[in-house]
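The values are calculated or read from the model by the stated rules, or taken from the named source; none is laboratory data. Small disclaimer: the values here were computed from a predicted structure and weren't measured. Cβ coordinates were reconstructed from backbone atoms using ideal geometry, including for glycine residues, and neighbour counts include every protein chain displayed.
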Amino acid sequence: MSTFDNLPLTKHLRRAIDELGFVKPTPIQEQSFPVVRSGADVVGIAQTGTGKTLAYMLPILQDIKFQDIDTPRVLVLVPTRELVLQVVDRINEFAQFMNLRVLGVYGGTNINTQKKACAQGVDVVVATPGRLYDLAAARALQLKTIKQLVIDEVDVMLDLGFRIQLANIFSILPERRQNIMFSATMTEEVDALIDAYFIKPKKISIALSGTPLNNISQECYRTRNFYTKLNLLNFLLLDKEKYSKVLVFVPNKKHADMVFEFLEEQYSSELCVIHSNKTQNYRIRSIKQFDEGINRILVATDVMARGLDLHKISHVINFNTPVFAENYMHRIGRTGRAEEKGNSILFFTDKEEVSKNSIQSLMDYEIPQVDFPEDVIENEQLLPEERDIAKISKNRSTETRKRDDGFHEKKDKNKQINEGGSYRVKLAKKYKKSQTKGDIIANRRARKKR
Ligand code: ADP
Ligand code: MG
């Protein structure tokens, strides 16, 4: 068995690893170590939850030189502000017995405070691309001493449209540097970026992005529509013991707000939500409260939750079926982190079955289907986008991996909701509330549009 003994770690790093309770390196960690240390450009591909942060930080920290300069030697770029905070925390853990100055910078907060922090002296900078460039342009952060550049979650970075910002950053970095890139998937855009900026990169690829994580048990429910999904979700969450820490994925921020609003009645004190329209502070607070177990349920869009390492998530619930099969892999990778047991539940409608099939063929695994619980009301009410099949197939292309701005807004005349008694209200005492709450949201939305 491979252990950390096989890696020639400094005693400070070894102590930190022991302190963290890590027994053996993950495959990506083991394989990256010599390659990153060789100084060559590196492209590392491994699924979410396989320990990529340590895979690049361990060799970097092993060889980092303590020089008498205050400008950074290492730059780590990540796509979201939340990830900046998380990666900074991680590095501080790994380097807890070293005298390392780690600074995180990201947009949406006061740049002057960050300028002052830069002036204090820093060894490793973790940043989102936009803010990093602003700080460099303002000469608050000197990049000419950077020896190693890490781009983490590079595929998300490109999906979020950071290509130009990355090019700008490349143009101001010293030419002699090591480029290291880590990603869960390899896309054409990632390939193009490597071609343009990397020199003879060494590639470490651990598992195909479609390989199912075998410590995650998967299930699916065939569901009629959005409102039925709400009732089902509400029902499942009643079992607090089983569903002890639940991440609910929704396709866009509109749905995030609707799901949140619906669940709020029953679960208000246990519930939080993140999407790109929430303020930075709100997002940070939500993630913290969820991670610490203060809130049991987090509703999130794909982009917001990508890459976040949240502890001991009992269940990932896919409220919708991702159109891009790889997104499903990223979602379920939020549970069953680093060999813990995890659970994933997928809700799919008839229209989403195509997507479910492509997920299954990517994984080469059929997700076991669970019977729809008798106690849950099947609501026949439809969202506008569910009512118009033609529109749906057009909208599919908007529910891309690119960004989380959701479905295109429809013309007003298409937004009306059919309230003309087209749905049967089955009365089940226990879940009556869920039913009405769904109706309330729908009616409220319909009213707003008039
Ligand atoms: P990725 O970036 O690949 O999604 P992370 O770097 O966020 O993965 O790590 C996922 C989780 O695994 C973290 O909670 C981390 O502390 C844990 N972890 C990392 N390396 C090891 C290891 N060698 N042994 C046990 N747990 C580890
Ligand atoms: Mg990561």
Among the numbered criteria (1) at pLDDT 95 or above; (2) within 16 Å of ligand 1 (Cβ to nearest atom), which single criterion is violated by Ile146?
(2)
Looking for something assigned to a loop (DSSP other than H, G, I, E, B) and more than 12 Å from ligand 1 (Cβ to nearest atom) - is there at least one such residue anywhere in the stretch 10-25?
yes
Criterion first (touching a strand residue (DSSP E or B) at 6+ places or on another chain (Cβ under 7 Å) and away from ligand 1 (no atom under 11 Å from the Cβ)) does Ile60 satisfy it?
yes
Residue list for the stretch 155-183, restricted to those being within 16 Å of ligand 1 (Cβ to nearest atom) and touching a strand residue (DSSP E or B) at 6+ places or on another chain (Cβ under 7 Å):
Asp155, Met157, Ile180, Met181, Phe182, Ser183
By residue number, the members of the stretch 274-298 that are more than 17 Å from Lys240 (Cβ to Cβ) and buried (at least 16 other Cβ atoms within 10 Å of the Cβ) are Ile274, His275, Ser276, Lys278, Arg283, Arg285, Ser286, Ile287, Asp291
The one condition in (1) within 16 Å of ligand 1 (Cβ to nearest atom); (2) closer than 23 Å to Val102 by Cα that Ala137 fails to fulfil:
(1)
Hits in the stretch 86-104 (condition: in contact with a helix residue (DSSP H, G or I) (Cβ under 7 Å, 6 or more places away or on another chain) and within 13 Å of ligand 1 (Cβ to nearest atom))
Val87, Arg90, Ile91, Glu93, Phe94
Condition check for Ala138: aliphatic (A, V, I, L, M) and either more than 27 Å from the chain's Cα centre (by Cα) or over 25 Å from Val35 (Cα atoms) (or both)
yes
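Residues are listed down the side, and each one gets a yes or a no for (1) more than 23 Å from the chain's Cα centre (by Cα); (2) away from ligand 2 (no atom under 12 Å from the Cβ); (3) not assigned by TED's automatic domain parsing to the domain that holds Phe162:
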| residue | (1), (2), (3) |
| --- | --- |
| Val23 | yes, yes, no |
| Val36 | yes, yes, no |
| Val43 | no, yes, no |
| Ala46 | no, no, no |
| Gln62 | yes, yes, no |
| Lys65 | yes, yes, no |
| Pro72 | yes, yes, no |
Please find, within the stretch 323-357, the residue that is farthest from the chain's Cα centre (by Cα) out of those that are buried (at least 18 other Cβ atoms within 10 Å of the Cβ) and among the small types (Gly, Ala, Ser).
Ser355
So the check is Cβ under 6 Å with 6+ separation or different chains; which pairs have a first residue in the stretch 269-284 that's under 13 Å from Ala300 (Cα atoms) and a second one that's assigned to a helix (DSSP H, G or I) and of a type in the set (D, E, K, R)?
Ile274/Arg283; His275/Lys253; Asn277/Lys253
Mind checking which residues of the stretch 34-74 are surrounded by fewer than 21 Cβ atoms within 10 Å (Cβ to Cβ) and among the aromatic types (Phe, Trp, Tyr)?
Phe66
Of everything in the stretch 53-76, what is closer than 25 Å to Gly333 by Cα and touching an Asp or Glu at 6+ places or on another chain (Cβ under 7 Å)? Give them in sequence order.
Val76
Name every residue in the stretch 29-46 that is more than 7 Å from ligand 1 (Cβ to nearest atom) and within 21 Å of Glu340 (Cβ to Cβ), in order of residue number.
Glu30
Please work out which residue is farthest from ligand 2 (Cβ to nearest atom), limiting yourself to the stretch 76-100 and to residues that are surrounded by fewer than 22 Cβ atoms within 10 Å (Cβ to Cβ) and of a type in the set (A, V, I, L, M).
Met98
Out of Leu13, Leu9, Leu20, I need the residue that is loosely packed, with under 14 Cβ neighbours inside 10 Å, hydrophobic (A, V, I, L, M, F, W, C) and on the phi < 0 side of the Ramachandran plot. Which one?
Leu20
If you check Ile317 against the conditions, is it aliphatic (A, V, I, L, M) and closer than 14 Å to Phe249 by Cα?
yes
Go through the stretch 246-305 and give me each residue that's small (Gly, Ala, Ser) and not in a strand (DSSP E or B).
Ala256, Ser268, Ser269, Ser276, Ser286, Gly293, Ala305
Mind checking which pairs have a first residue in the stretch 49-63 that is closer than 23 Å to Asn99 by Cβ and among the polar types (S, T, N, Q) and a second that is assigned to a helix (DSSP H, G or I) and within 9 Å of ligand 1 (Cβ to nearest atom), Cβ under 8 Å, 6 or more apart or different chains?
Thr53/Val87; Thr53/Arg90
